[in-house]
Amino acid sequence: MKGIADGEGTHILPESALATQYFNNDAPWYEENIPFFDCSDPQINQIYYYRWQLYKSHLKDIGPRGYIVTEFLDDVGWAWNPYQSLNDATAFHINEGRWLKDQRYIDDYIDFMYAGGNDRHFSEAIAAATYGSYLASGDRAFAIKNLGSMIHIYQLWADHYDPSKGLYYIEPIADATEYSIASIDASGGKDGFLHGNAFRPTINSFMFANALAISRLAALAGNTNIAAAFAANAEALRDGVETNLWNDNLQHFTDRFKANNRFVHYWDFIRGRELAGYVPWAFDLPDQDAKYNAAWTHLLPTNEFSGPYGLRTVEPDYEYYMRQYRYALVDGVKMPECQWNGPSWPFDITLVLDAMANLLNDYSQKVVNAGDYLRLLKQYTRQHYLNGQPDLEEDYNPDTGKVIVGLPRSNHYNHSDYNDLIITGLAGLRPRADNILEINPLIPTDPDSTNSIDYFCLENVSYHGHLITILYDRDGSHYGKGAGLSAYVDGRLALPPSALGRKTVTIPEPLIGPVPRPIDLAVNYARKGFPVPSASTNNFPDEIYQAIDGRVWFYPNVRNYWSNPGSQAAVDWYSLDFGSPTRISSVQLYFYADGTRFKAPKKYIIQYWQDGSWKNVSEIHLIPKKPLANGENVASFQPVSTSKLLIRFLNPRPAAVALVELKAFR
């Protein structure tokens, strides 16, 4: 395990068998990194593992700067180039990835965001997510590392702050929610892609959460003045949202217009409820005031937010509900583009389920219950399927379940959470800063409920450097460990089986281990400078650079590889020119195969350039011995200093070779 102290966990689930079942040849990475999960709902199980596969597919190695996480597998024009990062999705990525055992992925990503990666293209809650990552890892030193940059970026958002109202405002598209009520109505119902500035519950909740996180991180760093100042900022925003964005008539937190024209008027409330009005609870912003609970009475009625196939972003009585304004032209065909005037978005569903989990854990109310959480979670789970196979898309029609934005870029979309909802919601691990393990699974206690879970096991999740297992077995018959809820810390029973409900267990101090950071010398995502790739065939930049773009996935419907179809040669090759002598001692190769058109090569040979000719590396050690498709091949050898590296492939004719990624290390 990387990034945490080695420890012995439990062995309740057949982790190796599960990894092979869900990830096939790529299983070793998941065995090393993810907490395993099992429950009585087979769809939840399948999507839990699919979401880890999706997450790994979006990890992007950017060389010396480490790893980031992408929102789209395909490149999109509005991402920050050359990295293809998008700051609106970052908080989701951090919340999900904080449960990986190797902390490098999230630590690198946070460092990237606070070293220029956060271009404020969209509103964001990155400081809050960074603090949330600390709650999971317990790594104080890393948590406070970027405090100065956090403060700087927070202060830059003053350009969206109206001191006369004490609130932040934003254009819906810059809130990542174009064609919201504010922007549509500001256009008189004719458009809504741009404009419609408004004081929104979203950005103000994000800024509240960021201020609170900065305050707490400053306290960790011992800076009491900054801690007090940002705590005061957070409280002022709480007051501003409650005083000015709570709409008594709609019983909801709603936008107020910053825009002022012949269609809309400054400071008026928008004329409908939006799902975004639940975002304040995702950050525990509202006070314990019963009047705010009324907002939750509108979530579940089928004529309001709750569609049969997903939560609606606006209610169906809105005049422009589900009117499609924007299209993309794909091969001459008009295809719907992104809108937030009714479609069901995993983005918003994540925030609502986070909000509901907080409501059930941190507030006194009787409007919603654990059964409601589980029902929405199961509905969200079903939304992950496309033609019977897991493939999360951008958005859906809440009334029919059909994909709306089904563009080529949309497959395996990564702008939401799922596994964090399983870990912190369903399984109930509530991260804390102290040495307390708090557990409160969101499962109905009624054994006769058809909307329940009979058993679950969240095994060996990394928490404060310890391995935590949470197990629930309604009658004790499934796992044979006793009836009820139990927990293990580093393999030892810490909470004997007992009834469902909130439990706390004292755990040892956090164990923080070193985080190895080997650097991929082969990566060139910018497609300029060194290393320069070349190949025996198919040297088109759009393909040859895909094998060194820092991304690895094996989805059949989204390609990302260099390949040699049509080659008549027995052997083909792929080469890198590093531009100067470079020390290399190991290579990782990833091949895509579909069993027919593409297969792994029969054999590969690694050569390096020396004295004007190619020479084979010596003392080579291959894992596995035979080239493996859709997984990792590692070749280590006697270190060489060379300016060029070449891989020769013995072709699996009549199939072709598809090289997903070549990585090289010192």
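For this structure, a couple of remarks:
- On a per residue basis, the range 280-334 carries 49 Å² of accessible surface, using protein heavy atoms and a 1.4 Å probe.
- Carbon/sulfur fraction of accessible area - the chain, other protein chains in place, 1.4 Å, %: 50 percent
- Rounded to 10°, Cα long-axis angle of helix 370-382 versus longest principal axis of the chain: 40 degrees
- Average accessible area per residue (Å²) across the range 1-152 - probe 1.4 Å, nucleic acids and ligands excluded: 30 Å²
- The range 386-457: trypsin sites (Lys or Arg not before Pro) in DSSP loop, at most 12 other beta carbons within 10 Å: Lys402
- Per the Debye calculation on the range 553-630 with a single equal scatterer at every Cα and no solvent contribution, log₁₀ I(q)/I(0) for q = 0.13 Å⁻¹ amounts to -0.52.
- Long pairs among Lys602/Lys625; Lys56/Lys625; Lys190/Lys402; Lys615/Lys644; Lys60/Lys378, criterion Cα-Cα beyond 18 Å: Lys56/Lys625; Lys190/Lys402; Lys60/Lys378
- Lys291-Leu194 pseudo-label distance in nm [points 7 Å out on the Cα-to-Cβ vector]: 3.9 nm
- Of the trypsin sites (Lys or Arg not before Pro) found in the range 191-270, those in coil by DSSP whose Cβ has at most 13 other Cβ atoms within 10 Å are Arg262.
- Straight-line cross-link partners of Lys366 among the aspartates and glutamates, defined as a Cα under 20 Å from its Cα and at least 8 positions apart when in the same chain: Asp248, Asp284, Asp287, Asp289, Glu304, Asp354, Asp446.
- Longest exposed-site-free window of the chain, the sites being GluC sites (Glu not before Pro) in a DSSP loop that have at most 13 other C-beta atoms within 10 Å: 9-318
- The range 45-88: trypsin sites (Lys or Arg not before Pro) falling in loop per DSSP and having at most 12 other Cβ within 10 Å: none
- Per-residue ³J(HN,Hα) for the range 188-202, Karplus 6.51 cos²θ - 1.76 cosθ + 1.60, θ = phi - 60°, Hz, x for Gly and Pro: x, x, 9, 7, x, 5, 10, 6, x, 3, 8, 7, 10, x, 5
- Alpha-carbon gyration tensor eigenvalues x 5, square-rooted, for the range 284-370, Å: 32, 14, 10
- Among Ile519, Phe206, Gly138 the positive-end extreme of the charge dipole of the chain (Cβ point charges): Ile519
- Here the contact order of the chain, divided by its residue count and restricted to Cα pairs under 8 Å and six or more residues apart, works out to 15 percent.
- Each residue of the chain gets 160 Å³ once the volume of the Cα convex hull is shared out per residue.
- Heavy-atom accessible area for Leu493, with the other protein chains in place and a 1.4 Å probe, reaches approximately 90 Å².
- Value of Rg to Rh for the range 41-127, rounded to two decimals, is 0.98; Kirkwood radius and Rg both from alpha-carbon coordinates.
- Backbone geometry of the range 599-616 corresponds, through the Karplus equation with coefficients 6.51, -1.76 and 1.60 at θ = phi - 60°, to 3J(HN,Hα) couplings of 9, 5, x, 5, 6, 9, 10, 9, 10, 10, 8, 8, 6, x, 8, 8, 10, 6 Hz, x marking Gly and Pro.
- Using alpha-carbon coordinates, inclination of helix 42-57 to the longest axis of the chain, degrees: 60 degrees
- Computed extension length for Tyr309-Ala570: 88.8 nm, one decimal, from 0.36 nm per residue of separation with the Cα-Cα distance subtracted.
- Using a probe of 1.4 angstrom and keeping all protein chains present, the accessible surface of the range 358-510 works out to 34 square angstrom per residue.
- Rounded tilt (10° steps) of 346-362 against the dominant C-alpha axis of the chain: 60 degrees
- Extreme residue, positive dipole direction of the range 252-405, given options Ala370, Met335, Tyr380 (C-beta unit charges): Met335
- Calculated log₁₀ intensity ratio I(q)/I(0) where the Debye formula runs over C-alpha points of the range 498-594, q = 0.21 Å⁻¹: -1.22
The values are calculated or read from the model by the stated rules, or taken from the named source; none is laboratory data. Bear in mind the structure is a predicted one, so any value in this text is a computation, not a measurement. Ideal geometry is used to build each Cβ from the backbone, glycine not excepted, and the neighbour counts take in all protein chains shown. Accessible surface is based on the protein model in full, side chains and every heavy atom, while ligands, DNA and RNA are left aside. Shrake-Rupley method; radii C 1.70, N 1.55, O 1.52, S 1.80 Å.
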